[in-house]
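Report on the structure given below.
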Number of protein chains: 2
Amino acid sequence: MVDIATRVWNHKWKIDPIVRSLIDNDFYKLLMCQSIYRNRPDATVTFSLINRSKDIRLANLIDEGELREQLDHIRSLSLSRGEGTFLRGNTFYGKRQMFRHDFMEWFENLRLPDYHLEKRDGQYELTFEGKWHEVMLWEIPALAVLMELRGRAVLDDMRKFELQVLYARAMTKLWEKIERLRDVPNLRIADFGTRRRHSYLWQDWCVQAMVEGLGDKFVGTSNCLIAMKRDLEAIGTNAHELPMVFSALAESDDELRQAPYKVLADWHEEHEGNLRIILPDTYGTKGFLRGAPDWLAGWTGVRIDSGDPATGAENAIQWWKERGEDPTQKLIIFSDGLDVDKITELHSQFDGRAKISFGWGTLLTNDFRGLTKDNALEPFSLVCKAVKANGTPTVKLSDNPNKAMGPQDQIDRYKRVFGVGQQDKMDVIV
Amino acid sequence: MVDIATRVWNHKWKIDPIVRSLIDNDFYKLLMCQSIYRNRPDATVTFSLINRSKDIRLANLIDEGELREQLDHIRSLSLSRGEGTFLRGNTFYGKRQMFRHDFMEWFENLRLPDYHLEKRDGQYELTFEGKWHEVMLWEIPALAVLMELRGRAVLDDMRKFELQVLYARAMTKLWEKIERLRDVPNLRIADFGTRRRHSYLWQDWCVQAMVEGLGDKFVGTSNCLIAMKRDLEAIGTNAHELPMVFSALAESDDELRQAPYKVLADWHEEHEGNLRIILPDTYGTKGFLRGAPDWLAGWTGVRIDSGDPATGAENAIQWWKERGEDPTQKLIIFSDGLDVDKITELHSQFDGRAKISFGWGTLLTNDFRGLTKDNALEPFSLVCKAVKANGTPTVKLSDNPNKAMGPQDQIDRYKRVFGVGQQDKMDVIV
């Protein structure tokens, strides 16, 4: 029996919307949004799409009209009653009412601000300029839209059973990864794959497969909507945009030097427990830890997001020891370019020496490598970053020069201020 | 939107019926049924289940109550109006009204006769005794029920995503076979996999995948219901039961010697073109061809169903030449234990020397080898054969002693009458 209403409804849509909810977004964006809404409500920031994979000519693959339709659809979204209730009422990390009433009132009335889109050299220039706490919510949906439209462009030529077999292969591939992870004792792993997912439905499948296949080892998803729908923990803390914007807003080298700590001092006031996770690599992990105030050593853990992850973790462990902290009581979250080999390798190196956890991203939710002709669905490195704050360019150095961004003179200045010397270059796959 | 009526309807069923239509059966059974209905309406025949894979203890795997429910359900089926119209009105092999009015009237009123079921030594003894043209229709549905119940017993322990990945793997496996077959020029291949299919839905999927993947190279399915539903050609001619029962009914060695030709003389009167396919191996291909009347050499082709298929085909080609026929105008259908390697090998050996075609069975519709723990879904060799006719045991020799059946004294007699000497034993996988 075909449900006629469903059939008709499905075909009434002018487009097939990729992002259908304002909370189809990473949980940490909402946490950061609330923090910015309180602490920096007047900062004007520009987010910009950056395609690090220059050979993927997005403007040739994706129709501009379709892209606009998807972005316009996102601008039409507002928080539903149920989503609002979920955010207001839920326990995250054991803390009730993590989102304050004033923030929720603002969020419930929010529509995302406008975007600016043009084509240049086979790429899209896509920017969002406005209040920081508003434009910052564009990052994840904009990336998800571009990733999924690129996927759709490839899938467009495929027939029904080809498509089914493509997904069958992708499912098999993921399941084999899950079967390997199942054998890792004490594993704690979460889905961090929203931004570069193959598609929403695929991410949702991946998360459910992790639930069934890994049981308690799967600790949650960064995706707020999927967490709500699948009754999972929403996972996440904070990201580079906080120190990047705070640093750009600094008015002297001294202020700049303190900015990465200042932003965490704000965070310290607002959050506790598992939300107190240091992301130390924005301007070089070593210098950051060396100059960090002691109260930061009391935080719950650290997230390693660039450079050689084992080195980053060793540095953190060493630093905790120097500050009189017990590393075995600390949490290390690995979240950069992970796949099963790397996960099992890091796990066997650090299990027992610290609490460890993995935020598995692109190669969880978008590993279609080798599954199509010409590898046309291979994931690529697309980001959407805060590039300007109150007119000043932002800078990111990270522990991998290939992930650095900003004008060269500012990069040089930041390197001088933060005492960053020679860094090892590492390939950025995703 | 859930269609509530569908949801409720699905859960109202006391069982999930495996066979839901009287034409969920092989097309050649219907052709033979009509022929028997005309020529041998009074013959009493016993069909019996024979599990050649003794290590598969079916009575331990399959609940007797469930088996009875499935068989009882089949007994409740009758031809629907649409099915009757399809059979009456359709063109098969370019011939209209292949099924006569008197046969259709009988068929439209048919319910399948009773069955006899008991357990012995971990196996089921399942027999059907009655009018030949009635009990013979049990063969395929009985096999399909046992195969699918065995599969369900294995699947019972699996969870949702495990199941999905199992089918994903099976789909991928089949698709890779299809991709290989796609590259074979002039290929003609049909689905012969009803009797040992993994399940009805899976067979239906396999057929549709062949349609999309192989295009014109896929020439049809033996399954009447799927042919109807998917708008395909129903494929098939005749089987060993015809000479076996005719032979058992012979009243002297001379009559016995002529029986395999007598049955084809009846067939010759009723059918033409692509339905005139010799199945020569029942009592040894060599002797059969040697003693065959010349009008048989004028038939369209031959089906090779046991022994070494290349040898069988060479023998047929040689025989046609001896009888002054042009083998390049003849059709050779391979249908025994095929998989892609064997298909491509036979194709490259015989393409151009004759018209060739493949009836792909168990390893099309039930290749779950290696996809579960302990290989629990590996296909096995289950048959349902005419074992007695008017009280006399039937005999089959075939070109492979491992496929022979009948009481030893009768096997010896048949070997003498048909001049069958030493035969090579070959493993029977499926």
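The values are calculated or read from the model by the stated rules, or taken from the named source; none is laboratory data. These numbers were taken from a predicted model, which means no experiment stands behind them. Positions of Cβ are generated from backbone atoms using ideal geometry, with glycine treated the same way; all protein chains shown enter the neighbour counts. When the accessible area is computed, the model is the full protein with side chains, heavy atoms only, and any ligands, DNA or RNA have been set aside. Shrake-Rupley method; radii C 1.70, N 1.55, O 1.52, S 1.80 Å.
Data table
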read-out	value
Candidates B:Leu166, B:Leu187, B:Leu174, filtered to the one that is among the aliphatic types (A, V, I, L, M) and part of a loop (DSSP other than H, G, I, E, B)	B:Leu187
Segment A:199-214, residues that are away from every other protein chain (no Cβ under 14 Å) and open to solvent by 10 Å² or more (accessible area, probe 1.4 Å)	A:Ser199, A:Tyr200
Matching option when the condition is under 25 Å from A:Val263 (Cα atoms) and in contact (Cβ under 8 Å) with a residue 12 or more places away in the chain, among A:Leu31, A:Leu143, A:Leu79	A:Leu31
Residue match in segment B:167-176 (condition: within 14 Å of chain A (Cβ to nearest Cβ), open to solvent by 50 Å² or more (accessible area, probe 1.4 Å) and among the aromatic types (Phe, Trp, Tyr))	yes
Filtered residue count, segment A:374-385, keeping only those that are more than 23 Å from the chain's Cα centre (by Cα) and touching a residue at least 40 places away in the same chain (Cβ under 8 Å)	1
Number of positions in segment A:337-361 that are modelled with pLDDT of 95 or more and not in a strand (DSSP E or B)	16
Enumeration of residues in segment B:323-335 that are under 24 Å from B:Asn400 (Cβ atoms) and either in a helix (DSSP H, G or I) or modelled with pLDDT under 95 (or both)	B:Pro327
Residue check, A:Leu22 hydrophobic (A, V, I, L, M, F, W, C) and part of a helix (DSSP H, G or I)	no
Check on A:Asp63, closer than 25 Å to A:Ala259 by Cα, over 22 Å from the mean Cα position of the chain (by Cα) and open to solvent by 20 Å² or more (accessible area, probe 1.4 Å)	no
Leading residue by the ranking (surrounded by the fewest Cβ atoms within 10 Å (Cβ to Cβ)) among those in segment B:240-277 that are in contact (Cβ under 8 Å) with a residue 12 or more places away in the chain and among the polar types (S, T, N, Q)	B:Asn274
Residues of segment A:386-404 satisfying the condition of being open to solvent by less than 30 Å² (accessible area, probe 1.4 Å) and either touching a strand residue (DSSP E or B) at 6+ places or on another chain (Cβ under 8 Å) or free of Cβ contacts under 8 Å to residues at least 40 places away in the same chain (or both)	A:Ala386, A:Ala389, A:Thr394, A:Val395, A:Lys396, A:Lys403
Those residues of segment A:116-162 which are open to solvent by less than 50 Å² (accessible area, probe 1.4 Å) and within 14 Å of another protein chain (Cβ to nearest Cβ), in sequence order	A:Met158, A:Phe161
Test: residue in segment A:178-187 that is more than 14 Å from chain B (Cβ to nearest Cβ), out of contact with any Asp or Glu (no Cβ under 6 Å at 6 or more places or on another chain), surrounded by fewer than 19 Cβ atoms within 10 Å (Cβ to Cβ) and without any contact (Cβ under 8 Å) to a residue 12 or more places away in the chain	yes
Any hit, segment B:227-240, residues being within 14 Å of another protein chain (Cβ to nearest Cβ) and within 30 Å of B:Gly151 (Cβ to Cβ)	yes
Meets criteria (open to solvent by less than 50 Å² (accessible area, probe 1.4 Å), more than 10 Å from every other protein chain (Cβ to nearest Cβ) and of a type in the set (Gly, Ala, Ser)) for B:Ala190	yes
Meets criteria (away from chain A (no Cβ under 14 Å), farther than 27 Å from B:Ala239 by Cα and among the β-branched types (Val, Ile, Thr)) for B:Ile15	yes
Checklist (1) touching a helix residue (DSSP H, G or I) at 6+ places or on another chain (Cβ under 6 Å); (2) in the same structural domain as A:Val207 (by TED's automatic domain parsing); (3) in contact (Cβ under 8 Å) with a residue 60 or more places away in the chain applied to A:Arg150, failing item	(2)
Which listed residue, of A:Asn10, A:Asn51, A:Asn60, A:Asn39, is out of contact with any Cys (no Cβ under 6 Å at 6 or more places or on another chain) and within 14 Å of another protein chain (Cβ to nearest Cβ)	A:Asn10
Residues that are over 11 Å from A:Asp24 (Cα atoms) and open to solvent by less than 10 Å² (accessible area, probe 1.4 Å), drawn from segment A:215-235	A:Gly220, A:Thr221, A:Ala234
Elements of type helices (runs of 4 or more DSSP H) in segment B:207-310, at least 1 residues being over 18 Å from B:Gly419 (Cα atoms) and not assigned by TED's automatic domain parsing to the domain that holds B:Ile140	B:224-230, B:241-248, B:253-270, B:294-297
Flag for B:Arg75 being touching a Leu at 6+ places or on another chain (Cβ under 6 Å) and among the charged types (D, E, K, R)	yes
Counted residues, segment A:286-303 - those being open to solvent by less than 10 Å² (accessible area, probe 1.4 Å) and either within 17 Å of the chain's Cα centre (by Cα) or polar (S, T, N, Q) (or both)	1
